[in-house]
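The values are calculated or read from the model by the stated rules, or taken from the named source; none is laboratory data. Note that the structure is a prediction, hence the values are computed from the model and not measured. When we count neighbours, we look across all protein chains shown, and the Cβ atoms used for this are built from the backbone with ideal geometry, even at glycine.
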Amino acid sequence: MKSVVIQQPDELVIEERPLPTPEAGDVRVKITLAGICGSDSHIYRGHNPFAKYPRVIGHEFFGVIDAVGEGVDSARIGQRVSVDPVINCGHCYPCSVGKPNVCTSLVVLGVHRDGGFSEYAVVPDKNAWHIPDTIPDKHAVMVEPFTIAANVTGHAKPTEHDVALIYGAGPMGLVTVQALKGVYRVKQVIVVDRIDERLAMAQRSGADWVFNNGEQSLQAALDEKGIKPTLIVDAACHPSILQEAIALASPAARIVLMGFSSEPSQVVQQGITGKELSIFSSRLNANKFPVVIDWLKRGLIDPEKLITHTFDYHHVTDAIELFEKDQRQCCKVLLTFGQ
Ligand code: NAI
Ligand code: MN
Ligand code: ZN
């Protein structure tokens, strides 16, 4: 089989590898589609502290089970599946409280273990989620990015009465907008970004109001309209955003952070406690595959609004470079395998 391998930072090869045999409890997936994410680019460029090389990247992938290991029902062969990249131990403290996404021995496919930019991948049986026939391939490959939004909203528990503010109209901001509008029917969703083309994408994904905060002060614009957001999601992830979010938030608001910056954020406790704000963080997803598959079944979200490009995997380098260089035109870039 062919696999996309990052040999070491900045060195990508399409390598011939032996077809893997599923071990006990595993299934083998013949991959059809995979999505490129910022973290794939970070591993490629050597900017992911968790990555070990060589590595087959890719943690957003969909395909068909073509072999099963011992102890796995052979009726699974032929099933269309999306793969949850989060592998956990099942017995540590975080696992015991329903947070496999921060398991003390967390393994993420495509980061700590070989992932989905490959003609085949072997994954644990329980990570391969059956996709009903009514959900098309292009939606199924987008389950993982939407699980990030499901995890965020699982913490924040949005209601129709919320006034939500989302920083960032990249893929993560857009999945969050779609969840807030399509699933939770939040009455007002505001999105801020520095790039007008991305703000236009946010509008297509359902944002009620978009604002370019590269040109003008968000604080002044919200004050003028008398808006105090009750739910703020930082999907732009600059360390300066937390401080602004605390200042803009309504009393009793919730703030959700998604960033991994190692730079400090400057905050004062009075700003948080004075309004009794709840500040959550959200990483990857905790058992959210069935949640998002249900959203797709019910037509509550539309992944196609995020997909801007599709490449054959032989052109993976061009695909990643376009994804990295053109934030105005690119959102989700997909790779096809074996088509
Ligand atoms: P992206 O880079 O495509 O999008 C970020 C957007 O934020 C860009 O459109 C950019 O113009 C905008 N932006 C940057 N600074 C801003 C500011 N100060 N105000 C308003 N907008 C600003 O990235 P993507 O894929 O959407 O991911 C967003 C962030 O989420 C990344 O930092 C990534 O590391 C993080 N992430 C976190 C995950 C988690 O589970 N916690 C999962 C996936 C991504
Ligand atoms: Mn991703
Ligand atoms: Zn664990």
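Data table
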{"read-out": "Residue satisfying all of: in the range 92-105; within 7 Å of ligand 3 (Cβ to nearest atom) and crowded, with 16+ Cβ neighbours inside 10 Å; farthest from VAL316 (Cα to Cα) among these", "value": "CYS92"}
{"read-out": "Odd one out for ALA236 among (1) surrounded by 17 or more Cβ atoms within 10 Å (Cβ to Cβ); (2) over 17 Å from the mean Cα position of the chain (by Cα); (3) in a loop (DSSP other than H, G, I, E, B)", "value": "(2)"}
{"read-out": "Unmet criterion (only one of (1) over 25 Å from TRP295 (Cβ atoms); (2) touching a residue at least 60 places away in the same chain (Cβ under 8 Å); (3) within 16 Å of ligand 3 (Cβ to nearest atom)) for ASP114", "value": "(3)"}
{"read-out": "Boolean, LEU218 is over 19 Å from the mean Cα position of the chain (by Cα) and modelled with pLDDT of 95 or more", "value": "yes"}
{"read-out": "Failed item, numbered, when LEU231 is tested on (1) away from ligand 1 (no atom under 12 Å from the Cβ); (2) under 30 Å from HIS59 (Cα atoms); (3) exposed (fewer than 14 other Cβ atoms within 10 Å of the Cβ)", "value": "(3)"}
{"read-out": "In the range 84-111, residue farthest from PRO136 (Cα to Cα) [restricted to those that are within 16 Å of ligand 1 (Cβ to nearest atom) and of a type in the set (Val, Ile, Thr)]", "value": "VAL102"}
{"read-out": "Filter result for the condition that a residue is more than 16 Å from ligand 1 (Cβ to nearest atom), buried (at least 19 other Cβ atoms within 10 Å of the Cβ), assigned to a strand (DSSP E or B) and touching a residue at least 60 places away in the same chain (Cβ under 8 Å), over ILE6, ILE14, ILE31", "value": "ILE31"}
{"read-out": "Strands (runs of 3 or more DSSP E) fully within the range 137-220 counting 2 or more residues that are crowded, with 24+ Cβ neighbours inside 10 Å, of a type in the set (S, T, N, Q) and in contact (Cβ under 8 Å) with a residue 12 or more places away in the chain", "value": "none"}
{"read-out": "Hits in the range 239-260 (condition: surrounded by fewer than 21 Cβ atoms within 10 Å (Cβ to Cβ) and within 17 Å of the chain's Cα centre (by Cα))", "value": "GLY259, PHE260"}
{"read-out": "First in the range 55-81 and in contact (Cβ under 8 Å) with a residue 60 or more places away in the chain and surrounded by fewer than 21 Cβ atoms within 10 Å (Cβ to Cβ), second anywhere and of a type in the set (Val, Ile, Thr) and not in a loop (DSSP other than H, G, I, E, B), Cβ under 9 Å, 6 or more apart", "value": "VAL56/VAL4; VAL56/VAL5; VAL56/ILE6; ARG80/THR32; ARG80/VAL64; ARG80/ILE65"}
{"read-out": "Failed condition for PRO49, given (1) within 21 Å of the chain's Cα centre (by Cα); (2) surrounded by fewer than 21 Cβ atoms within 10 Å (Cβ to Cβ); (3) closer than 20 Å to TYR313 by Cβ", "value": "(3)"}
{"read-out": "Of the criteria (1) hydrophobic (A, V, I, L, M, F, W, C); (2) more than 16 Å from ligand 2 (Cβ to nearest atom); (3) under 23 Å from HIS315 (Cα atoms), which one ALA24 fails", "value": "(3)"}
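So that you can scan it fast, the table gives a plain yes or no per residue for (1) closer than 26 Å to SER82 by Cα; (2) of a type in the set (D, E, K, R); (3) touching a strand residue (DSSP E or B) at 6+ places or on another chain (Cβ under 7 Å):
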{"position": "GLU144", "(1), (2), (3)": "yes, yes, yes"}
{"position": "GLY173", "(1), (2), (3)": "yes, no, yes"}
{"position": "GLN188", "(1), (2), (3)": "no, no, yes"}
{"position": "ALA220", "(1), (2), (3)": "no, no, no"}
{"position": "THR230", "(1), (2), (3)": "no, no, yes"}
{"position": "SER240", "(1), (2), (3)": "no, no, no"}
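So that you can scan it fast, the table gives a plain yes or no per residue for (1) more than 23 Å from THR147 (Cα to Cα); (2) modelled with pLDDT of 95 or more:
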site	(1), (2)
PRO9	yes, yes
GLU23	yes, yes
VAL27	no, yes
ILE31	no, yes
ILE43	no, yes
PHE50	no, no
HIS59	no, yes
